[in-house]
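What follows is a short report on a single structure.
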Amino acid sequence: MANNGCEVHRFDPSIKSAHIHEGQHLWYHRLSIDWRDPNPAIAPHKLHSNTKKLGTILNEFGHQKIDVLKADVESAEWKILENLILEDVVEQIGQLVIEVHIHWPGFEVSGNDSTVVRYWYSLLRELELKDFRLFHTYKDLSKPQMFLKKEAFNASSCYTLSWVNTRWK
């Protein structure tokens, strides 16, 4: 995308420098997106680690919108999606491509299986109510066939869901 003139920001907490500008349109940032901002009273536990809510990052960078957000946040996606919806940040996104993991509830998601599934469904339903439409799905068959720690035939523990915001301008 950067090679075609799009401004691209990649967040990777493992890079050594805080910000790297590579090429005309590509930036790397030593950040990862989270569902909460860090508590300023608690020192970061890793020297090269920094997490922030996407809304905070947008404000700090002076950005008003994101044309395409692609996220693989390793089982934090449900809480991050909840935060994006609750803080109306999702409305600033044109396309949302997110990898979801269903082999366990996810970070800070608890309850019995039906409660967890209702929570997941409520988030996906909220996206639809905000006029996001699912246009593509991908089932990663190389991942274990698990659903909430149970084997599930012809399933995957990992799916990529691609949504478009039909209100996007």
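The values are calculated or read from the model by the stated rules, or taken from the named source; none is laboratory data. Note that the structure is predicted; figures quoted are calculated from it, not measured. Note that we place each Cβ from the backbone using ideal geometry, even for glycine, and neighbour counts take in every protein chain shown.
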Hits in the range 60-90 (condition: among the small types (Gly, Ala, Ser) and over 25 Å from Lys143 (Cα atoms)): Gly62
Condition broken by Val68, with the remaining ones in (1) of a type in the set (Val, Ile, Thr); (2) surrounded by fewer than 17 Cβ atoms within 10 Å (Cβ to Cβ); (3) free of Cβ contacts under 8 Å to residues at least 60 places away in the same chain satisfied: (3)
Any hit, the range 73-82, residues being surrounded by fewer than 13 Cβ atoms within 10 Å (Cβ to Cβ) and modelled with pLDDT under 95: yes
Some residue of the range 138-147 being among the aromatic types (Phe, Trp, Tyr), within 15 Å of Glu77 (Cβ to Cβ) and surrounded by 15 or more Cβ atoms within 10 Å (Cβ to Cβ): no
Of all residues in the range 88-111 being closer than 30 Å to Glu151 by Cα and small (Gly, Ala, Ser), the one that is surrounded by the fewest Cβ atoms within 10 Å (Cβ to Cβ): Ser110
Residue that is nearest to Glu91 (Cα to Cα) [pool: residues in the range 110-146 that are of a type in the set (Ser, Thr, Tyr) and in contact with a strand residue (DSSP E or B) (Cβ under 8 Å, 6 or more places away or on another chain)]: Thr137
Where a residue in the range 75-97 is over 15 Å from Asn59 (Cα atoms) and its partner, wherever it lies, is hydroxyl-bearing (Ser, Thr, Tyr), with Cβ under 8 Å and at least six apart: Trp78/Tyr119; Gln95/Ser162; Leu96/Ser162; Val97/Thr160; Val97/Ser162
Count - residues of the range 148-161 that are surrounded by 12 or more Cβ atoms within 10 Å (Cβ to Cβ) and over 19 Å from Ala76 (Cβ atoms): 2
Strands (runs of 3 or more DSSP E) fully within the range 55-169 counting 1 or more residues that are outside the structural domain of Ile33 (by TED's automatic domain parsing) and over 15 Å from the mean Cα position of the chain (by Cα): 132-139, 158-165
